[in-house]
Amino acid sequence: MIQHNGDDETFFRKRGFGKLLGFGQKPGLIVVDLINGFTNPSMPMGSELTGQIERTNKLLNTMHEMNLPIFFTTISYDDDSLADSGIWFQKMEGLKTLKTGTEAVDVDPRLDYRPGDGLIVKKYASAFFGTDLIARLNANNIDTVIIVGCTTCGCIRATAVDALQLGYRPIVVEDAVGDRSQASHEQSLFDLRQKYADVLTTSEVIETITKTKAASTKI
């Protein structure tokens, strides 16, 4: 194990970590699992995400105004025995609350989810695993994925890592992602920033995509 003293950020930067990927030609927004089962703190899988929902709505407004693609995700199980969760259910019993046809798997009604926005139904952590998300992104010529939602240490991280591995530029919006554990949230953002994604604020993302759209219009 590498031993070092002082600020972790400085240590990693000196070793060449944390380089910026930047935005490509066309971004899409992936709203990961902001469903009732995760945004209702009284649910086994839930936590308080009001702030994240408010900032996600700001991003949704910008994406809708610019006619840029948006994809919501939900986790939903059809099989009463949760056979379609594989062995994941053995690790997290709360998955049993995410049954198809229940309110738990519906997008939180506080979000500006509109007809025409995509909905990806997944069974595991990553928005890419076992879904048609790649085909949808490619059909829309998307090379940059802006990622919001929950949870930072789980589905957000898995989605960002898969995005990078598949050749997309992941942008994780640090104030629009959340977790049940603040420590896990902060450590995951640190790891993502160093190795897998650009980590930006909501205002930074909106400013960037607005400028990019304006520049492309002038061409």
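Every read-out reported here was derived from the displayed coordinates using simple, explicitly stated rules and does not represent laboratory data. None of the values given here were measured: they were computed from a predicted structure. Cβ atoms come from the backbone with ideal geometry, glycine included; neighbour counts cover every protein chain shown.
Numerical summary
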read-out	value
Of residues in the stretch 22-36 being part of a strand (DSSP E or B) and touching a Phe, Trp or Tyr at 6+ places or on another chain (Cβ under 9 Å), the one farthest from Thr74 (Cα to Cα)	Gly28
Where a residue in the stretch 194-206 is closer than 19 Å to Asp143 by Cβ and its partner, wherever it lies, is surrounded by fewer than 21 Cβ atoms within 10 Å (Cβ to Cβ) and basic (Lys, Arg), with Cβ under 8 Å and at least six apart	Asp198/Arg169; Val199/Arg193; Ile206/Lys58
Enumeration of residues in the stretch 170-197 that are assigned to a helix (DSSP H, G or I) and hydrophobic (A, V, I, L, M, F, W, C)	Ala183, Leu189, Phe190, Leu192
Any chance Tyr113 is surrounded by 14 or more Cβ atoms within 10 Å (Cβ to Cβ) and out of contact with any Ser or Thr (no Cβ under 9 Å at 6 or more places or on another chain)	yes
In the stretch 143-169, the residues that are part of a helix (DSSP H, G or I) and among the small types (Gly, Ala, Ser)	Gly154, Ala158, Ala160, Ala163
All positions within the stretch 37-60 that are crowded, with 16+ Cβ neighbours inside 10 Å and not in a helix (DSSP H, G or I)	Asn40, Met43, Met45, Gly46, Ser47, Leu49
